[in-house]
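J.: Sharing a structure, written as structure tokens. Questions coming.
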């Protein structure tokens, strides 16, 4: 198996719009009412509030309250609510070596209710919520919550470390609470004092109508650790209206925007001129990165007793670019939206049609967007899960290192007994990955498009019998093999039987005629392979297929990128029957092939030895 024939799978976060930002429709607090946070004091040469030194924080005890902080976050709409907190203690090196984690007991904005009881707790979407000292200096950003839920205790990234936004040797996905901090938590009324603080997750959101089994398949394929998959957590497209961002506002970072955004939604920590700090933890911890920056409109905060409460939001239009994805923050710049290749898919079924287009920031996300966008639109237009047939045409434009643009095109036919939306979408992704991971040169995909026409009714056949004309008579092909005269033709009659559950005639006949090499080989025994165009069925536990050399059998003969694209274009299609006669070895090997198209897909294959004999007929 060659490297270019294997799919390159990028196990990144697939995040759609609904995740880490918060606001509250009501202030919930115990004790006196909270005033609005003091206007931040700007650091020299910056519009950002100065960082508050953690050493000046006072821990809470049974007799003395901890340092009070106030902050801003959004739980509904776009207007920020005020939250309040009390310093509990510091977990030394809790985020990473050299980066402490500050622990605060929080209240307000759906964290607690009007009686001061825990409501949603610290929820996904609060990541980046700025907390201010009484003098307006920035203490840090909420970024971690209890490993059980709901809880009002938050782990906070210190402001100085957030401003540095540096990378460190290891990131904390979960931090054990120390005994000192546990004592302070008990002093402030924590019901549980043992456990850990985990990075607030960025949920991967899929449309509410998509079955959870599909979400589980995506999760398994992606192998994601710090994200969760949820149905109906956000809009499935990017809005056209620009939503401004400011300290405490909703904010989203996206690897793709348009019809199918891949975005994590959190909270803005600070806006310094055109520079934006958010999340208080990484998105995917890639270091230098390129993601579109969006404002967002929160719908509400959902309670989840198992995985933690989370915010549901809609994305606005892109208003800038995130360029840093660091341990303590993601950092971007307001201004022109980033551009990238476009993935365009059209799905048709009966009189319904859906067109989608998504701009993708990274080549690594192209296959994910292609497969998922096409699948979702297929489910939308079919409005059901059923067996059927799909005919697809795809076009992928590739830029070489020298700037030359090559275009790969291919049409194919797919059938599935249970869910017809999968096959064409899967192979679209596989083709993208095969091109990007080719053996010959680095390339960039600038545009990828696929049109899929779906029809109901499963139609499929398998090879049940092959007959060959031997010395003037039709003979059933068996393991004993065949005789073939040098320079002549091997005539075949392939019987196709209808697959179980398929519709159509019980049997079909396909006639093939394979040329036999004229050359005399030292070892005159070859192999005849009679095969259907597809033997690949959709697997429920796979989101899209791994592509191997046998997907495009002629691809292994390519010696350049243009050759590979040509081989992929000409490769066997799902509705074809192929007879391939291979004789000789090494450089003297010769392949002869004949292929016929049928009306439906064909599966199965038969391989038998072929003995070359006699003298070739004289050339006319």
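J.: Over the alpha carbons of the stretch 342-456, what is the largest minus smallest coordinate on each principal axis, giving the biggest first in Å?
T.: Per principal axis, max minus min of the Cα coordinates gives 45, 23, 19 Å.
J.: How would you rank 353, 109, 259, 127, going from fewest to most other Cβ atoms within 10 Å of each one's own Cβ?
T.: Ascending number of Cβ neighbours within 10 Å: 353, 259, 109, 127.
J.: How high is the FRET efficiency from residue 240 to residue 323, r the C-beta distance, R0 22 Å, rounded to 0.05?
T.: E(calc), rounded to 0.05, equals 0.35.
J.: What nm value, rounded to one decimal, do you get for the distance between residue 569 and residue 113 when each label is placed 7 Å out toward the C-beta?
T.: In this crude spin-label approximation the distance works out to 6.6 nm.
J.: Within 10 Å of each residue's Cβ, count the other Cβ atoms and sort 482, 334, 565 from fewest upward.
T.: So the ranking, lowest neighbour count to highest, is 334, 482, 565.
J.: Taking the Cα atoms of the stretch 255-302 alone, what are Rg (to one decimal) and Dmax (as a whole number) in Å?
T.: 12.0, 33
J.: Ok, one more. Taking the Cα centre of each part, how many Å lie between the stretch 410-456 and the stretch 461-524?
T.: Distance between centres, Cα-based: 31 Å.
J.: Modelling each spin label as a point 7 Å along the Cα-to-Cβ direction, I'd like the residue 93/residue 485 distance in nm, to one decimal.
T.: Reported label-point gap for residue 93 and residue 485 is 8.4 nm.
J.: To make sure I understand, if each residue's beta carbon is the centre and we count other beta carbons within 10 Å, what order do 106, 611 fall in, fewest to most?
T.: 611, 106
J.: Moving on. What order do you get for 470-478, 55-63, 596-604, 79-87 when each peptide is scored by the mean count of other beta carbon atoms within 10 Å, highest first?
T.: Most protected by this proxy first, the peptides run 79-87, 596-604, 55-63, 470-478.
J.: What FRET efficiency do you get for residue 440 and residue 475 if R0 is 45 Å and r is their Cβ-Cβ distance, rounded to the nearest 0.05?
T.: Given R0 = 45 Å and the Cβ-Cβ separation, E is 0.50.
J.: Please list 271-283, 452-464 highest first by mean number of surrounding beta-carbon atoms within 10 Å per residue.
T.: In decreasing order of mean packing, 271-283, 452-464 become 271-283, 452-464.
J.: Just subtract the alpha-carbon distance of residue 596 and residue 352 from 0.36 nm times their residue separation and send over the number in nm, one decimal.
T.: Extending this stretch completely gives an extra 84.7 nm.
Throughout, read-outs are computed from the coordinates displayed, never taken from laboratory work. Computed from a predicted model, the values in this text were never measured in an experiment. Virtual Cβ from ideal backbone geometry, glycine too; neighbours counted across all protein chains shown.
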